[in-house]
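Structure first, commentary second.
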Amino acid sequence: MSMVESRKVQVGAGGSYLLVLPKDWAKKMGLKKGDRLDVAVEEDGSLRVAPPIAKKLIFREAELELDSLSNPKWLDRCIKAAYMQGYDVIAITSKDRIPQEVKKTVRASILDLVGMEVADIQSGRMVLRILVDPVKFPLTELKERTFSLLLSMINDLILSLEKKEESYIHDVIDREEEVAKLYRLMVRQSVLAIRDKEVAKAIGVERLEDNITNVMIARDVLRLALLSSRLARSMLILKDKEIPSEVVKYLLEMFKEVSSMLNGAFHSASVNDQVFAHSVIDSMDKVRALDDEIMRSLLHVSGDMEVALALNMVVRDLRRMAGCAVAIADSVITGSTPLIAKVK
């Protein structure tokens, strides 16, 4: 828990302003006469004093006890959560011998995370280490790579509908996990940037508030990957079915409108462009209109109930993807730097 003390400023003979450091703090930090301290002026006008110990590498370790994580899915989620929270080491412990099935679960979790490996295995303890150097993964580059993957996914869905080629659909499904990996790394980087201003500077995060915006965008990125993959599975059901040409026409138009919205949302997030962000949000009206047109067309489709349900799911998920584009655009507007900022 942080503590606040009030101390009186002294003025030296040469006119320098002097402030006595708390004695207990100085002892805890191991300070001695002649040591140098870094003094940084924060945006709000406060001063941050960094002792030498702050320069040392501090490894954060999370411990997951198997006794409270009996379900393999729970363990998988907790490993990924600890990774995203910025831990360097994750220790999985058990009072008894760790079962082989648990080890398989852990190894499967590792494949879903960038830069994680098994560092040590003992009878009742398994240690995972994250070797990711945060400085080598600027958030801008992570976002650009993720946006590129998502755009390629929706473009392949459009091509599968136009060319009726199944291979495009499978490519979309295969890319879902790659986006999920990048999402987890984006969240981890944002958490580390909140904790360490030097990391924030190195990965291109200028303001603390930007981390909040980046995490909000990352969550929508993950949703887009899941929706794209689910759309692909719905389209697998439709691949050999007869779909009325009018429905196909409206579907293609809706796909392309959603693709355009995602392009605009990703652009606005990349360059902090509020104009693009507003245009994305305004485009939602057209998606709603196309949704209505397709629903009316489906009322006249007779026959295969499976086709009708799959088409309905495609339209619903396309609209949800448009909603994600709006959410990203809204995050950009909310997190944008004002033209004139004053601290009173």
Go through region 120-235 and tell me which helices (runs of 4 or more DSSP H), entirely inside it, have 1 or more residues that are free of Cβ contacts under 8 Å to residues at least 40 places away in the same chain and under 22 Å from L252 (Cβ atoms).
-> 139-163, 166-195
Residues of region 296-313 being surrounded by 14 or more Cβ atoms within 10 Å (Cβ to Cβ) and either under 20 Å from A325 (Cβ atoms) or of a type in the set (A, V, I, L, M) (or both), in sequence order, are L298, V301, V307, A308, A310, L311, M313
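Just one of A308, A265 is in the same structural domain as R207 (by TED's automatic domain parsing) and either at pLDDT 95 or above or not in a helix (DSSP H, G or I) (or both); which is it?
Of A308, A265, the one residue that is in the same structural domain as R207 (by TED's automatic domain parsing) and either at pLDDT 95 or above or not in a helix (DSSP H, G or I) (or both) is A265.
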Based on what the data block shows, is I243 part of a loop (DSSP other than H, G, I, E, B), touching a residue at least 12 places away in the same chain (Cβ under 8 Å) and among the β-branched types (V, I, T)?
-> yes
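Quick check, is V127 modelled with pLDDT of 95 or more and buried (at least 19 other Cβ atoms within 10 Å of the Cβ)?
No, not satisfied.
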Would you confirm whether any residue within region 272-279 is modelled with pLDDT under 95, surrounded by 19 or more Cβ atoms within 10 Å (Cβ to Cβ) and aromatic (F, W, Y)?
-> yes
Quick one: in region 96-118, of everything that is of a type in the set (A, V, I, L, M, F, W, C) and under 25 Å from S190 (Cα atoms), which residue is surrounded by the fewest Cβ atoms within 10 Å (Cβ to Cβ)?
-> L111
Whichever residue in region 142-156 is more than 21 Å from L111 (Cα to Cα) and either of a type in the set (S, T, N, Q) or at pLDDT below 95 (or both) and, among such residues, is surrounded by the most Cβ atoms within 10 Å (Cβ to Cβ) = N155
Search result, residues across region 14-41 that are assigned to a loop (DSSP other than H, G, I, E, B), modelled with pLDDT under 80 and surrounded by fewer than 10 Cβ atoms within 10 Å (Cβ to Cβ) | G14, G15
From the list V179, V205, which one is on the phi < 0 side of the Ramachandran plot, in contact with a helix residue (DSSP H, G or I) (Cβ under 6 Å, 6 or more places away or on another chain) and at pLDDT 95 or above?
-> V179
Which members of region 96-119 meet the condition of being in a helix (DSSP H, G or I) and among the acidic types (D, E)?
-> E101
Looking at region 281-293, is at least one residue in the same structural domain as S167 (by TED's automatic domain parsing), of a type in the set (V, I, T), without any contact (Cβ under 8 Å) to a residue 40 or more places away in the chain and surrounded by 19 or more Cβ atoms within 10 Å (Cβ to Cβ)?
-> yes
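Farther than 25 Å from G335 by Cβ, aromatic (F, W, Y) and out of contact with any strand residue (DSSP E or B) (no Cβ under 8 Å at 6 or more places or on another chain), is that true of F276? Break it down stepwise before answering.
Values: farther than 25 Å from G335 by Cβ: no; aromatic (F, W, Y): yes; out of contact with any strand residue (DSSP E or B) (no Cβ under 8 Å at 6 or more places or on another chain): yes.
So F276 fails the test.
The values are calculated or read from the model by the stated rules, or taken from the named source; none is laboratory data. Everything quoted here is computed from the prediction, not taken from an experiment. Using ideal geometry, Cβ is built from the backbone for each residue, glycine included, and neighbour counts are taken over all protein chains shown.
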